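Below: one structure, written as structure tokens.
What follows draws every value from the coordinates through simple rules; no lab data is involved. The shown structure was predicted, so the numbers you read here are calculated from the model rather than taken from an experiment. Glycine also receives a Cβ, built like all others from the backbone with ideal geometry; neighbour counts cover every protein chain displayed.
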Amino acid sequence: MQRASGSNYSMVKNVVAGNHLHTICSSGNCPNIGECWNSGTATFMILGDICTRACKFCATKTGRPLPPDPQEPFRLADSINMMNLKHCVITSVDRDDLPDGGASFWADTIIRIKDKNPDITIETLIPDFDGKGELIQMIIDSGPDVISHNIETVERLTPAIRSKAKYERSLGVLRYISGKGKITKSGLMLGLGETEDEVISTINDLYEAGCKVLTIGQYLQPGFDYMEAVEYIIPEKFEEYRILSLEKGFSMVESSPLVRSSFRAENHVKA
């Protein structure tokens with residue numbers, strides 16, 4: 001893990017702060033913030049920094065969000081241009097308070113980014129939008145290069161860890177995305193009490209749903225109010241899962257303790 005300092009790190013931090021943007025890098029206490037920000041990349045979080053869900057693994061604030069800021073897509077597009085990014089990742093809090101879950105805001109944001117930065121590639125790490133195909137289609141139609149939705153954990157642990165999301169619903173979201181011909185990606189955390197058989201079953205389910213890219217990392221408890229880590233998985237086991245996933249047919253797999261959803265995401269456009 002690279003230390004969170006350096007000239008590029010400071011530049012990204014200043015641009016994010018100066019344009020009143022949010023990143024999951026800081027909101028989610030990501031351990032890779034030094035490496036990513038020093039390389040001039042960041043995962044931007046739109047639609048505010050307050051989530052309507054209260055998942056037991058996530059450090060993002062939960063509560064009643066503010067109304068969407070209509071200027072945020074423009075500020076984000078300008079910030080990406082200032083940072084001279086070639087690839088960016090966009091995610092968001094869940095906005096169950098909005099009639100469309102924020103899908104139209106998502107689409108507008110992607111379009112604004114592409115208008116201002118015509119050569120950029122974009123990964124979107126999206127909520128489940130309650131599994132509604134017409135809302136997911138709005139994201140697809142806006143033209144991102146990679147669409148990611150995280151399964152997060154195995155089926156048995158999902159009700160205890162993800163506040164409203166459902167395992168089968170998330171698989172349905174991924175099936176819909178892959179069925180439209182988009183590069184489809186998902187992420188899985190280990191160390192929450194899952195068994196090896198459950199991990200392998202989840203990997204199989206993700207592959208059958210059409211995922212091409214998979215990230216696997218160690219769950220780290222972000223604070224006292226969150227789910228405790230049950231186990232710290234050894235690096236060799238992560239490597240076993242990486243090889244197994246590639247042999248299964250995934251195009252790209254990032255698997256090690258500190259891997260997070262957006263780790264080295266610029267490479268996943270090639271999947």
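For the reader, a short list of remarks on this structure follows.
- The charge dipole of segment 153-271, taken about its Cα centre with unit charges on the Cβ atoms of Lys, Arg (+1), Asp and Glu (-1) only, comes to about 820 debye.
- The tail of the calculated P(r) for segment 7-270, taken as Cα-Cα distances beyond 33 Å, holds 13 percent of the pairs.
- For segment 136-184, trypsin sites (Lys or Arg not before Pro) are listed when DSSP marks them as loop and at most 16 other Cβ atoms sit within 10 Å of their Cβ; the list is Arg156, Lys164, Lys166, Lys180.
- Straight Cα distances below 17 angstrom link Lys56 to the lysines Lys164, Lys166, with same-chain residues fewer than 8 positions distant left out.
- Trypsin sites (Lys or Arg not before Pro) lying in DSSP loop within segment 217-271, provided at most 14 other Cβ fall within 10 Å: none
- Qualifying GluC sites (Glu not before Pro) in segment 214-249, where qualification requires a DSSP coil assignment and no more than 16 other C-beta atoms within 10 Å, comprise Glu228, Glu231.
- Available extension along the chain between Ile243 and Lys61 is 62.0 nm, counting 0.36 nm per residue and deducting the alpha carbon span.
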